[in-house]
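Working notes, beginning with the structure itself.
The values are calculated or read from the model by the stated rules, or taken from the named source; none is laboratory data. As the structure is a computational prediction, the values presented were derived from the model and not from experiment. Neighbour counts are summed over all protein chains in view; Cβ atoms, including those assigned to glycine, are modelled from backbone coordinates with ideal geometry. Surface accessibility is based on the protein's heavy atoms, side chains included, excluding ligands, DNA and RNA. Shrake-Rupley method; radii C 1.70, N 1.55, O 1.52, S 1.80 Å.
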Amino acid sequence: MLQQLRDFFSPPPPPKLAAVPAGTRYYAIGDIHGRLDLYKAMIDAIEGEIAAAPELDHRIIVLGDLVDRGPDSAGVVARTQVWQQTRNVRVLAGNHEEMFLAAFDKPDALRHFLKHGGRETVMSYGLSSRQLSEMSLEEIFETLPRVVSQDTRDYIAGFDTMIRAGDYVFVHAGVDPSRPLGEQKRSDLLWIRDRFLSHEGPLEKVVVHGHTIFEHVMDCGNRIGIDTGAFRSGVLTALVLEGDQRRILQTRVSDAGHVEVFQGDRAR
């Protein structure tokens, strides 16, 4: 009876923290958008951590939007392919990858792509700014398949849309809160914003996402947004998950113009 009273008046146990499977360490990298300089520094930092903990199963997830806006989308795509040859690296499709691939189908889609950062992507594959300015939309449309190989397009078309790990799920943009994870629409996984961002209740798993730019990592309990706007802020963010622990790894352009690595979410 005394024990029952103690149990009744004792505080409830703390809620279980979200975790990834034991023995694994996950690195989720936010939207890169052509910032090869920040991405290469992030890869080097992650590789250093992997070398220091060989007993762990390291898994890397790139959250989509490798391309557009920044100066070297082609380099980011190529570097990711090389990294996949030595590490467990999976890549999610972002809405900018979807726009990129659609640009090969019809001129109207190409026009939309070019207006939303695609011009920089096309230039990274070898066309100069002057060439683009002198070409008509139809001429760019005819030229694009010659400068971006079918192998590259097939590679990008093969990106994942959702990855699950323990109590977490990784997507580019977010999820529809009204649907189970197994019934999500591709369009929502790549494009959703307000319906997801404004949802305050619990979700099936903690959602790690990019797509929407925040000045700092946005940990809302039910979701974690890690797009810190690398193409304009000069800050690329990775979320590191091990057991039930979370930490932030960032690469950032210093005032002197050098790329530096930080542990934690640094102010601009």
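To the nearest 10 degrees, how steeply does helix 137-147 sit against the main Cα axis of the chain, on a 0 to 90 scale?
The answer is roughly 70 degrees.
State the Kirkwood hydrodynamic radius of region 48-107 in Å, one decimal place, computed from all pairs of distinct Cα atoms.
The answer is 13.3 Å.
Restrict the search to region 80-152; then list the GluC sites (Glu not before Pro) that DSSP places in a loop and that have at most 15 other Cβ atoms within 10 Å of their Cβ.
none
Taking θ = phi - 60°, what integer Hz values does the Karplus form 6.51 cos²θ - 1.76 cosθ + 1.60 yield along region 251-258, in sequence order, with x for Gly and Pro?
Each residue's phi maps through the Karplus curve to give 10, 8, 7, 6, 4, 7, x, 8 Hz.
D188: accessible area at probe 1.4 Å, nearest 10 Å²?
Solvent-accessible area, nearest 10 Å²: 20 Å².
What's the angle, to the nearest 10 degrees (0 to 90), between helix 73-84's Cα axis and the longest principal axis of the chain?
50
Rank-order 237-243, 44-50, 81-87 by packing density, defined as the average count of other C-beta atoms within 10 Å over each peptide's residues, highest first.
Ranking, from highest mean packing down: 237-243, 44-50, 81-87.
Taking the Cα centroid of region 169-228 and of region 43-63, what is the distance between the two, rounded to the nearest whole Å?
One Cα centre to the other: 24 Å.
What's the lysine pair count for the chain at a Cα cut-off below 28 Å, pairs eight or more apart or interchain?
Step by step, the pairs that qualify in the chain add up to 6.
Taking amide H positions as placed in the peptide plane 1.01 Å from N, state which residues far from H33 in sequence (5 or more) or on other chains have amide H under 5 Å from it.
Under 5 Å from the amide H of H33 lie the amide H atoms of L66, V67, each far enough along the sequence or on another chain.
Would region 206-258 count as rounded, prolate or oblate if I go by the C-alpha gyration tensor, calling it rounded below 1.5 in a/c and otherwise prolate when a/b exceeds b/c, oblate otherwise?
oblate
Using alpha carbons only, how many degrees (0 to 90, rounded to 10) separate the axis of helix 36-52 from the longest principal axis of the chain?
40
Could you tell me what percent of the DSSP beta bridges with both partners in the chain are antiparallel, to the nearest 5?
60
Using label points projected 7 Å from each Cα along Cα→Cβ, tell me how many nm separate Q85 and R111, to one decimal.
Once both label points are built, they end up 4.1 nm from each other.
For n ≥ 4 DSSP H runs only, could you compute -39500 (n - 2.57) per run for the chain, divide by its residues and tell me the 222 nm figure to the nearest 500?
Here the helix-only value at 222 nm equals -10000 deg cm²/dmol.
For a test of the definition: using alpha carbon positions, the gyration tensor, and the 1.5 limit on a/c, classify region 42-199 as rounded, prolate or oblate.
oblate
State whether region 154-194 is rounded, prolate or oblate according to the following rule on the C-alpha gyration tensor (a ≥ b ≥ c being the square roots of its eigenvalues): a/c under 1.5 gives rounded; otherwise a/b larger than b/c gives prolate, and the remaining case gives oblate.
oblate
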